Every structure is written in C-alpha cells, then in structure tokens.
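> Next up is a structure, given as structure tokens.
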C-alpha cells in the first residue's frame, strides 16, 4: 500500500523538488526520503521550502532541521542525502519504493536505471523521455503494468493538452491540429541576456521578452494516445510571468460540431470521468487565477472560438508547477495500487 511506501525525490533545482515535496507532505500519503544532488546545507533547503514567491509561505507544519541529514515536517522526518551519482545513493538500505527523478538529467531509461542499481524499486521521471513509457493521469495511466520499473510522467504541457485532446477526439474526432503553449518562465532561462549554444533565442532575458521556443508536448500526445500519433504538433512562447501557462489547441474535426456542443462535451467530462483532472470555466479568468490549481487542464469556454463547425480553437489553462507535481503523486498512487 502506498501509505506505507517510501517515496524519494532525486532533484537538483529547488524549484522542482520543494513543490513535489509540499504536495507529498500536504497529502501525508508517504514516508518521504529526499535526496538533494547539490551541496547546499539543510538550512538552505528549509528556507527554500518555507518561502515560495509564487505559492506563498508554508503554513501547514513546523519545519526545522533535526540533524545534518534530517529535516522535520512536524514530526515527519525527511532524510537528505548529498550524493550526485544515483548508483551510490543507498535507496535499497533506505527502503525506497518510488524515486521521483526530477533533476532533468537522467531522463532516459539507461540513465534512470542507475536508481535501480542503488536499490530503488520504481522510478518516475518528471519530464518527457525518449524511451521510457509515458503516462498521463486521466488519459492512459490504466495501461501501466507492474513489470514496468521506469516510467515518465510526460511534461506539464502534455498533461494539459492530452485530456483535452482525448475528449475532443473521443467525441468528434481530430483530423489534425496545431498547439501553442504560452508558457511561464522556468529555471532554465536567463535573467539577463547570455550565451546559449543550442538555442540562441533561449539565451535572451526571460524577464522582458516573449521568446519563441520548441516543444515536443503535442507530438508526445501521440505516445499516450496512439490514435493521435502524427496528427498534432506545436510550439511554445515563453513569456515573462512566473507561473501558470495556457494551451491554445486549434484542430480540424472529423465530425461537425458547434462550439456550444464542444463546450458541453468538455463540461460533461470535467464533471464525470475526468473530474479533478480536466476543469471547465465560463468566468472571465486570467493566469493568476490558476496559481495553486491542482488540475491538469482547465478549459476556458469564453476564450475559444470556432471558424465553422469543423475548425475550432480551444484554450485551456494549467499551473505548470502545482498541477504537474500533483499528477506525479497521482501517478505514483496508481502505480502502487496496481503493484499491490
């Protein structure tokens, strides 16, 4: 059972690990063992967890340093290992069942397998992977099999796009489509102009530029929904906001449908099978209204438009931090239930 399992987080940048950990501690589902790859002391970890410029100050449990390798969340201990090489981390000795690989470095099966050599039982990569099976909760997580030891939770954008695309394809069919994500700044971008060998535009200052970028999120939908393989592609615009992004999906439909019919179909699913994953709103919302929203995708009924009954633009919001981290935990919960 998951509530007696040990969940571990292998992470480098603090902007990824502390939101995963906040959700773990909030849900109190796990004993949590945390690995920090870099050499900051525990007081730095404590500060980064307690104070968040986007999600606010931690107010649920007292957080303090117990000793040189242990943080306390109330009475809940979190062990911190300062080991860079996953093979050297004593996952087996620690009793680790699930490792969340969120460094952004070990994203293929061979690299992520280093955690298994260290004694971990399962690895969930919190990023797209070129060869690990990808799962999106609400879309294809039921295809997970216990024999799979390394999986990917895909990307935050794929988690937003896939549930929406699934509903549209199931109800009306998608002939083809283009996606644009208007995406908040991430930790990989630069505060001021600097060199970027692979992506020159990506080296420009994130705080006052709109930066076109590539994304594999739309194509990745074809991996979790094979029926859409080759039918979707897309791009990204990085914009100077700190959190919450939005997907613009423009598709040509197989079956003619009015925009009202499309809205009704999405609303029905958001209140049914996809409740908690896909949301629906007719309010006059803006991006900050979704900070801290744990859903993967929130359809904005007023923002979309239709050219005709076969060609439509659909808009869906997502907290690319909190929503995605919530799905990482949900995927692990599902994996644990299957493995029992």
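The values are calculated or read from the model by the stated rules, or taken from the named source; none is laboratory data. Fair warning: this is a prediction, and the values are worked out from it, not measured in the lab. Methodologically, a virtual Cβ is constructed for each residue, glycine included, from the backbone with ideal geometry; neighbour enumeration extends over all protein chains shown.
> Go through (1) within 29 Å of residue 206 (Cα to Cα); (2) assigned to a loop (DSSP other than H, G, I, E, B); (3) in contact with a helix residue (DSSP H, G or I) (Cβ under 9 Å, 6 or more places away or on another chain) and name the single condition residue 303 misses.
With respect to (1) within 29 Å of residue 206 (Cα to Cα); (2) assigned to a loop (DSSP other than H, G, I, E, B); (3) in contact with a helix residue (DSSP H, G or I) (Cβ under 9 Å, 6 or more places away or on another chain), residue 303 is out only on (3).
> Identify the single condition in (1) touching a helix residue (DSSP H, G or I) at 6+ places or on another chain (Cβ under 8 Å); (2) surrounded by 13 or more Cβ atoms within 10 Å (Cβ to Cβ) that residue 195 does not satisfy, given that it satisfies every other one.
(2)
> List every residue pair whose Cβ atoms sit under 7 Å apart, with the two residues 6 or more apart in sequence or on different chains, where the first one lies in region 249-272 and is assigned by TED's automatic domain parsing to the domain that holds residue 294 and the second, anywhere, is surrounded by fewer than 14 Cβ atoms within 10 Å (Cβ to Cβ) and part of a loop (DSSP other than H, G, I, E, B).
Once the first residue is assigned by TED's automatic domain parsing to the domain that holds residue 294 and sits in region 249-272, no partner that is surrounded by fewer than 14 Cβ atoms within 10 Å (Cβ to Cβ) and part of a loop (DSSP other than H, G, I, E, B) comes close enough.
> Take residue 203 and tell me if it is over 21 Å from residue 133 (Cα atoms), modelled with pLDDT of 95 or more and loosely packed, with under 14 Cβ neighbours inside 10 Å.
No; evaluated as a whole, the condition is false for this residue.
> Give the residues of region 277-288 that are part of a loop (DSSP other than H, G, I, E, B), in contact (Cβ under 8 Å) with a residue 24 or more places away in the chain and in contact with a helix residue (DSSP H, G or I) (Cβ under 9 Å, 6 or more places away or on another chain), sorted by residue number.
Across region 277-288, the qualifying residue is only 277.
> Working only within region 126-141, note down all residues that are under 20 Å from residue 277 (Cβ atoms) and in contact (Cβ under 8 Å) with a residue 24 or more places away in the chain.
Answer for region 126-141, where residues must be under 20 Å from residue 277 (Cβ atoms) and in contact (Cβ under 8 Å) with a residue 24 or more places away in the chain: 126, 127, 128, 134, 135, 136, 137, 138, 139, 140, 141.
> While we're looking at this one, here's another question. Quick one: is residue 102 touching a strand residue (DSSP E or B) at 6+ places or on another chain (Cβ under 9 Å), within 28 Å of residue 242 (Cα to Cα), buried (at least 19 other Cβ atoms within 10 Å of the Cβ) and at pLDDT below 90?
Spelling it out, residue 102 is indeed touching a strand residue (DSSP E or B) at 6+ places or on another chain (Cβ under 9 Å), within 28 Å of residue 242 (Cα to Cα), buried (at least 19 other Cβ atoms within 10 Å of the Cβ) and at pLDDT below 90.
> For region 231-253, what are the residues that are surrounded by fewer than 21 Cβ atoms within 10 Å (Cβ to Cβ), farther than 13 Å from residue 165 by Cβ and in contact with a helix residue (DSSP H, G or I) (Cβ under 7 Å, 6 or more places away or on another chain)?
Correct list: 240, 241.
> Which numbered condition trips up residue 40, out of (1) more than 23 Å from the chain's Cα centre (by Cα); (2) under 27 Å from residue 291 (Cα atoms); (3) modelled with pLDDT under 85?
Single failed check for residue 40: (2).
> Now a separate question. If you take the residues in region 121-166 that are over 16 Å from the mean Cα position of the chain (by Cα) and surrounded by 23 or more Cβ atoms within 10 Å (Cβ to Cβ), which one is nearest to residue 105 (Cα to Cα)? Walk me through how you get there before you give the answer.
Within region 121-166, the subset over 16 Å from the mean Cα position of the chain (by Cα) is 121-122, 130-131, 142-150, 165-166.
Still in the running and surrounded by 23 or more Cβ atoms within 10 Å (Cβ to Cβ): 150, 165-166.
Working: 150: 15, 165: 29, 166: 30 Å.
The selected residue is 150.
> Just give me the residues in region 171-188 being in contact with a strand residue (DSSP E or B) (Cβ under 8 Å, 6 or more places away or on another chain) and at pLDDT below 95, in sequence order. It would help to see each step written out before you state the result.
Step one: filter region 171-188 for residues in contact with a strand residue (DSSP E or B) (Cβ under 8 Å, 6 or more places away or on another chain), giving 172-186.
Result: 186, single match.
> Filter region 306-340 for residues that are crowded, with 24+ Cβ neighbours inside 10 Å and part of a loop (DSSP other than H, G, I, E, B); which is modelled with the lowest pLDDT?
321
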